[in-house]
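The values are calculated or read from the model by the stated rules, or taken from the named source; none is laboratory data. Model, not experiment: these values are computed from the prediction. Note that we place each Cβ from the backbone using ideal geometry, even for glycine, and neighbour counts take in every protein chain shown. Quick note on the areas: whole protein, heavy atoms, side chains included, nothing else; ligands and nucleic acids left out. Shrake-Rupley method; radii C 1.70, N 1.55, O 1.52, S 1.80 Å.
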Amino acid sequence: VQLQASGGGLVQAGGSLRLSCAASGRTFSNYLMAWFRQAPGKEREFVAALSWGGGSTYYADSVSGRATLSRDNTKKNTVYLQMNSLKPEDTAVYYCAAKQYGVEVRVPTAYTYWGQGTQVTVSS
């Protein structure tokens with residue numbers, strides 16, 4: 001299984017970014033696809049997750065209302081994270097991850113597969 005994250009960059013506060021995670025190597029119909037982020041000196045934290053089969057979505061309180069997850073089954077099993085109204089505290093390396101659907105949606109150690117990360121920097 002390979003997860004390829006992309007779409008990070010430098011953006012001003014209030015701006016938007018769309019992160020992409022292209023998944024390959026297996027069928028993901030019963031998988032959870034998630035985004036985590038890690039800022040310097042901080043623990044990796046949950047951002048959002050999507051149930052590939054059912055389409056359910058989960059968001060951290062810190063991004064709820066500003067983030068939207070979507071999927072594109074026709075484009076190499078790609079999951080998108082649209083982030084709006086970005087804040088300097090959103091600055092972090094963003095990682096996509098995947099695991100079989102189940103409990104512990106928000107726990108990074110529960111995830112089996114990880115992408116390489118993409119840097120998001122929000123300037124004030």
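On the given criteria, is Ser29 of a type in the set (Gly, Ala, Ser) and in a strand (DSSP E or B)? I'd like the intermediate steps shown before the answer.
Working: of a type in the set (Gly, Ala, Ser): yes; in a strand (DSSP E or B): no.
When the stated conditions are applied, Ser29 does not pass them.
Here is a check on your reading of the model: is Ala97 of a type in the set (Gly, Ala, Ser) and touching an Asp or Glu at 6+ places or on another chain (Cβ under 8 Å)? Steps first, please.
Working: of a type in the set (Gly, Ala, Ser): yes; touching an Asp or Glu at 6+ places or on another chain (Cβ under 8 Å): no.
Answer is no for this residue.
Within region 92-104, take every residue that is within 19 Å of Ala5 (Cα to Cα) and among the hydrophobic types (A, V, I, L, M, F, W, C) and give me the one that is surrounded by the most Cβ atoms within 10 Å (Cβ to Cβ).
Ranking the candidates gives Cys96 first.
So which residues in region 105-124 are modelled with pLDDT of 95 or more, open to solvent by less than 40 Å² (accessible area, probe 1.4 Å) and β-branched (Val, Ile, Thr)?
Once the filter is applied, which keeps residues that are modelled with pLDDT of 95 or more, open to solvent by less than 40 Å² (accessible area, probe 1.4 Å) and β-branched (Val, Ile, Thr), region 105-124 yields Thr118, Val120, Val122.
Within region 66-91, take every residue that is open to solvent by 50 Å² or more (accessible area, probe 1.4 Å) and part of a helix (DSSP H, G or I) and give me the one that is farthest from Val107 (Cα to Cα).
Going through the qualifying residues, I end up with Pro88.
For region 41-64, check the following and say yes or no: at least one residue is in contact with a helix residue (DSSP H, G or I) (Cβ under 8 Å, 6 or more places away or on another chain), within 17 Å of Val122 (Cβ to Cβ) and of a type in the set (A, V, I, L, M).
Within region 41-64 (the criterion being in contact with a helix residue (DSSP H, G or I) (Cβ under 8 Å, 6 or more places away or on another chain), within 17 Å of Val122 (Cβ to Cβ) and of a type in the set (A, V, I, L, M)), the answer is yes, since at least one residue qualifies.
Residues that are closer than 20 Å to Gly117 by Cβ, part of a strand (DSSP E or B), open to solvent by less than 30 Å² (accessible area, probe 1.4 Å) and of a type in the set (A, V, I, L, M): does region 53-65 have at least one?
no
Search region 36-52 for residues being part of a loop (DSSP other than H, G, I, E, B) and either closer than 17 Å to Gln116 by Cα or of a type in the set (Ser, Thr, Tyr) (or both), and hand back the single one that is most open to solvent (accessible area, probe 1.4 Å). Before you say what the answer is, go through the steps one by one.
Looking only at region 36-52, we keep the residues that are part of a loop (DSSP other than H, G, I, E, B), and these are 39-44, 52.
Filter again for either closer than 17 Å to Gln116 by Cα or of a type in the set (Ser, Thr, Tyr) (or both), leaving 39-40, 43-44.
Numbers: Ala39: 26, Pro40: 119, Glu43: 159, Arg44: 76 Å².
For region 36-52, the residue satisfying everything is Glu43.
Under 8 Å by Cβ, and 6 or more places apart or on different chains, what pairs join a residue from region 11-35 that is in contact (Cβ under 8 Å) with a residue 12 or more places away in the chain and crowded, with 21+ Cβ neighbours inside 10 Å with one that is assigned to a loop (DSSP other than H, G, I, E, B) and among the small types (Gly, Ala, Ser)?
Leu19/Gly7; Leu19/Gly8; Cys21/Gly115; Tyr31/Gly53; Leu32/Gly102
What pairs can you find where one residue is in region 42-57 and among the aromatic types (Phe, Trp, Tyr), the other is surrounded by 14 or more Cβ atoms within 10 Å (Cβ to Cβ), and their Cβ atoms are less than 6 Å apart, with a gap of 6+ or different chains?
Filtered contacts from region 42-57: Phe46/Phe36; Phe46/Ala60; Phe46/Arg106; Trp52/Phe28; Trp52/Tyr31; Trp52/Met33.
Between a residue in region 65-84 that is at pLDDT below 95 and any residue that is aliphatic (A, V, I, L, M) and open to solvent by 20 Å² or more (accessible area, probe 1.4 Å), which pairs come within a Cβ distance under 9 Å, given they are 6 or more apart or on different chains?
Final answer for the pair search is Lys75/Ala22; Lys76/Ala22; Asn77/Ala22; Thr78/Ala22; Val79/Ala22.
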